[in-house]
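Taken together, the values in this text are just the output of simple stated rules run on the coordinates, not laboratory data. Fair warning: this is a prediction, and the values are worked out from it, not measured in the lab. Note that each Cβ is placed from the backbone with ideal geometry, even for glycine, and that neighbours are counted across all protein chains shown.
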Amino acid sequence: MQNLKYTIASQDNLTFINETYNENIESLHGAHRSLDIWKQLLAGKDSIYYIVQTTVPVAWFRIDFTEDELWLGMLQVKPAYHRMGIGKYIVSAVEEIARKQGFTKVGIHTTEDNTAARALYLSAGYLLTEIGPCTTADGEERVGYTFEKDV
């Protein structure tokens with residue numbers, strides 16, 4: 001996929017972020033969120049990024065931080081753009097952000113049923129470091145997978 005660019009999301013991107021999240025809700029095991037919730041999540045944070053292909057919005061992602069590791073907290077691609085290499089671009093962008101901010105490791109969580117995400121992370125060189133029970137946003141117990149990579 002060419003002509004992709006990421007930037008820190010702004011309030012102007014919230015409608016797109018909300019729509020894309022809700023379009024992918026089944027894979028997230030979550031509940032629909034309102035624009036007001038997204039405004040609160042975005043307020044004062046530089047950890048949500050917006051992706052455009054040329055000028056068309058196609059995806060977004062969120063990163064989280066621990067003391068020694070950067071985590072890809074969420075990755076959402078518009079369904080019309082699934083399986084076009086945008087996820088791979090996002091993983092690469094997260095690694096770039098991690099290096100620029102002085103992190104040497106990136107971590108990612110997903111669930112057992114998200115086979116596309118697991119395949120993406122393995123193909124990008126991530127190692128499966130943990131399999132265990134997790135509680136997803138819908139309150140259900142599932143099997144969670146943790147992947148990590150030195151960057």
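Brief remarks follow.
- Placing unit charges on the Cβ atoms of the charged side chains and taking the dipole of the chain about its Cα centre, the candidate lying farthest along the positive direction among Val143, Asn13, Leu120 is Asn13.
- Near Val151, the amide H atoms lying under 5 Å from its own belong to Lys105, Val106; only residues 5 or more places off or on other chains count, and H is placed 1.01 Å from N.
- Cβ-based net charge around Phe16, under 11 Å, with every Lys or Arg adding one and every Asp or Glu removing one: -2
- The chain - charge dipole about Cα centre, Lys and Arg +1 at Cβ, Asp and Glu -1, debye rounded to 20: 580 debye
- The stretch 47-82-the stretch 1-15 distance, computed between alpha-carbon centres (Å): 8 Å
- The Rg/Rh ratio of the stretch 64-139, with both radii computed over alpha carbons and Rh defined as the Kirkwood radius, is 0.96.
- Here, P(r) means the percent of Cα pairs in each 5 Å bin from 0 to the largest distance; for the chain it is 2, 9, 19, 22, 23, 18, 7, 1, 0.
- Among the lysines of the chain, pairs at least eight places apart or on separate chains and with Cα atoms under 19 Å apart come to 10.
- For the listed peptides 32-39, 142-149, a ranking on the average number of other beta carbons within 10 Å per residue, highest first, reads 142-149, 32-39.
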